[in-house]
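All remarks here apply to the structure that follows.
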Amino acid sequence: MTGLRRIERARAAVRRHVWRILADRPEGFPEVVVDGVELTGWTVIDTDGSLILAPSDKDGACGTYKGSFGHHVFLAVCDNTGEELAQLLHPGNVTANDTGVNIDLLVRAVAQLPWWRRQKALVRTGWLTATAIACDLRAWLQLLALDGDLAKATPKTLRYRILHVPARLVRGQRRRRLKIPHSWPWAGAIVQAFHRIQALPRPT
């Protein structure tokens, strides 16, 4: 680990030199533009995570939430320059919203920034927002549309029983119909949930 830390410090030192050269150019340091507005002086960091498949005997490989086997790689990239600021390799069962992992990733990424670009740093975590939306939808589904064991089921159980149902969306007579196999043990619960959702008051 000490060797990796030394490499990180060396990368940060070289980056400081490179970024000073970039800042001294006539066009200045690269700035991020969002909806036509230049975020002058802001350093934008994008974070993301990806599952990488690996053989079962690979060091650190583990079963993933998608049923595969491998590692979970976390990255932090500077959107201004396209540089990869930090990267972490974890077992495949580590989730994308793991608090400790995300804090560690951002601490390492910020440590790579020269001090004069740390004062205004913006972290973009679109995947984290998507995860939060998914958690909200799952919670609302259980609170408003499910009952019994399903209302208190774990996300893994819900995925298997409700969300991963082998259904087909068919069109006909200007309507869409979701066809659920009668043999699916939780077909009745899914239909009941749809009816309860349709009966909810409209937002005002």
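Quick notes on this one:
- Couplings for the range 5-16, taken from phi via the Karplus curve 6.51 cos²θ - 1.76 cosθ + 1.60 with θ = phi - 60°, read 5, 5, 5, 4, 5, 5, 4, 5, 5, 5, 4, 4 Hz in order; Gly and Pro are left as x.
- Other residues with beta-carbon under 15 Å from the beta-carbon of residue 65 carry, at +1 per Lys or Arg and -1 per Asp or Glu, a net charge of +3.
- Working note: Cα gyration tensor of the range 130-198, eigenvalues times five, square-rooted, sorted largest first, giving semi-axes of 22, 15, 12 Å.
- Proximal lysines relative to residue 66, as straight alpha-carbon distance under 28 Å, when same-chain residues fewer than 8 apart are discounted: 58, 152, 156, 179
- Residue 44 long-range amide H proximity, modeled H, under 5 Å: 79, 80, 122
- Cβ crowding within 10 Å averaged over residues, with 103-114, 30-41 ranked highest first: 103-114, 30-41
- Qualifying aspartates and glutamates (Cα of each under 16 Å from Cα of residue 120; at least 8 residues distant if same chain): 31, 38, 46, 79
- Against the set (1) 29, 21, 19; (2) 37, 18, 15; (3) 44, 23, 14, the structure's computed semi-axes √(5λ) of the Cα gyration tensor in Å falls on (3).
- Ranked by how many other beta carbons lie within 10 Å on average, peptides 133-141, 196-204 from highest: 133-141, 196-204
We did not get these values from a lab; they are worked out from the coordinates using the rules stated. Fair warning: this is a prediction, and the values are worked out from it, not measured in the lab. No Cβ is skipped: glycine too gets one built from the backbone with ideal geometry, and neighbour counts run over all protein chains shown.
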